[in-house]
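Novice: Okay, handing you the structure first.
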Amino acid sequence: MAEFEGKCPHCDKLHYSERRDEVVVCDCWTYCPLCGAMMTPYTPDLATGSYGADGKRGVTILMVCLLHSPPFYSSLKPVEVVFTHETLA
Ligand SMILES: [Zn+2]
Ligand SMILES: [Zn+2]
């Protein structure tokens, strides 16, 4: 059976699917790029008004790794893998 192979554009990890149109989200964005630990979903203390003050409007913190001091705030987003290569199994 034919399989489709897709590579995550962020971490180069290979994913496989039997359907080309399947949407697969690589989980690399949930891991800390510094230490490799799984990060914690980040909940801002201030709901609004906290962005833009430093000119970084549009940068949204999604995950945080609490193993560092100060904590590492990640703005990585879920990456969709596009299946481009057909592999013949
Ligand atoms: Zn990835
Ligand atoms: Zn970390």
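The values are calculated or read from the model by the stated rules, or taken from the named source; none is laboratory data. What you are looking at is a predicted structure, and each value in this text was computed from that prediction instead of being measured. Note that each Cβ is placed from the backbone with ideal geometry, even for glycine, and that neighbours are counted across all protein chains shown.
Novice: I'm trying to understand the selection: among the residues of the range 50-69, which are of a type in the set (Gly, Ala, Ser) and modelled with pLDDT of 90 or more?
Specialist: Of everything in the range 50-69, just one residue is of a type in the set (Gly, Ala, Ser) and modelled with pLDDT of 90 or more, namely SER69.
Novice: I need the full set of residues from the range 34-49 which are loosely packed, with under 10 Cβ neighbours inside 10 Å and at pLDDT below 85, in order please.
Specialist: Matches in the range 34-49: THR43, ASP45, LEU46, ALA47, THR48, GLY49.
Novice: On to the next question. So, of the residues in the range 10-33 that are surrounded by 12 or more Cβ atoms within 10 Å (Cβ to Cβ) and in a loop (DSSP other than H, G, I, E, B), which turns out to be nearest to ligand 2 (Cβ to nearest atom)?
Specialist: CYS32
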